[in-house]
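Shown next, in structure tokens, is the structure this report addresses.
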Amino acid sequence: MSVFGSLIDQTEVISILKDAVEASRMVHNKTQSMTNTWLFTGPPGSGRSNAAIAFAAALVCKDGGCSKCNDCMSTIIGTHADVELIKTAGLSIKIDEVRELISRASWAPSVANYRVVVMEDADRLTESAANALLKVIEEPGLRTIWLLCAPTLTDVLPTIRSRCRHLSLRTPSTKAIAKLLTERDGVESGTADFVARASGGHIGRARRLATDSTARENRSNIMKLPFMIKDVSSAFKAAQFLVDAAKADALVDAEKKDEDEISKLKEAWGATGSKLVAGGAKVVKELEKEQKSRSTRMVRDYLDRALLDLSTLYRDVLLVQSNSVDSLINQDLISQINQLAQATKPEQTIRKIEAILKTRRNLAQNAAPLLLIEALMCELR
């Protein structure tokens, strides 16, 4: 199996990438299949970053992406000497990070034919960082390949996207995700079908729901919230519960990672007891600042997933109100959904879905989470 085997339901994209890899190996490329700057877009969970990483592995692999050699495996885990994998755990990518990246990207490849830079969250570039990156993308090195990833074309500067070859990944089908979970992860078929529907086409989310009982329990608790809202007081309690759950989930995920990072950094800076060598304290402080930013993003990501789950509930309510029950996502809540469908009108359900989507957009703009969720829960009464 090639490195592109990890891409689910993306036949056209895989074909284009394979042609580009083949063209990159030609001494005189006259096909125009290969270029130095690429932009991968697609909804969350579609596999846009996986596609970029697989493409990077194929470009540095002597066999065009066999998935078994050291070049492929080291690229996938992020340790290849000629592949820069840029992920951000914070809310944005700042200009200092981009300047350091540009400096490293200018180096000649050491073991492969190309030096490849994969930026998973190009939509999180600050304006100054994006402008700095633009200067390099306008005149990329002959042996440097830039692979940028973003949810949509509008999430990157027009001047950047106009200089990139664009590839759009689609949301994988429910059937394809269920098949993947059954064959690769050994998930029972009934569970695989349910989590594939519940994930909304997000492969990573589906795998987590299938393999993590805590994740399934958290989702179940979230889906019960709309049925508990009777008045303003219960709406505020539901909002507080959701935000507290998000913070608790982020804390669990971040706590151990934070401790390990601090410990390794102190060790690298020659910590002896409670003292660090000169300059070490400043570096540790910068890391703690980054960790705080990461924790904030994790809370917002959790809330966004919760809002997506709630939107599937009201989608099901609208389907029942429209006498179309063949494709319900939350079939385990069918009795409560029927009650809600009978108690409200389709116009009200549509307004609630729009309120959820508006809250997701505002959350992405760094609005105060608790205030947003409180306002939403009041609208869901």
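What follows draws every value from the coordinates through simple rules; no lab data is involved. Everything quoted here is computed from the prediction, not taken from an experiment. Every residue, glycine as well, gets a Cβ built from its backbone with ideal geometry; the counts of neighbours run over all protein chains shown.
Brief remarks follow.
- Overall form of segment 3-168 per C-alpha gyration tensor (a/c, 1.5; a/b vs b/c): rounded
- Counting neighbouring beta carbons within 10 Å and listing from fewest to most, the residues D332, D260 come out as D260, D332.
- Taking a ≥ b ≥ c as the square roots of the eigenvalues of the Cα gyration tensor, an a/c ratio of 1.5 or more together with a/b no larger than b/c marks segment 189-266 as oblate.
- With the simple spin-label model, which puts each label point 7 Å out from Cα in the Cβ direction, the E354 to Q240 separation comes to 3.1 nm.
- Listed pairs K18/K135; K94/K257; K18/K94 exceeding 30 Å between Cα atoms: K18/K94
- Cα-Cα P(r), the chain, percent of pairs per 20 Å interval: 24, 53, 22, 1
- Point-charge dipole on Cβ atoms (K/R +1, D/E -1) for the chain, about Cα centre, debye to 20: 380 debye
- Descending Cα extents along the principal axes, segment 232-379, whole Å: 69, 28, 24
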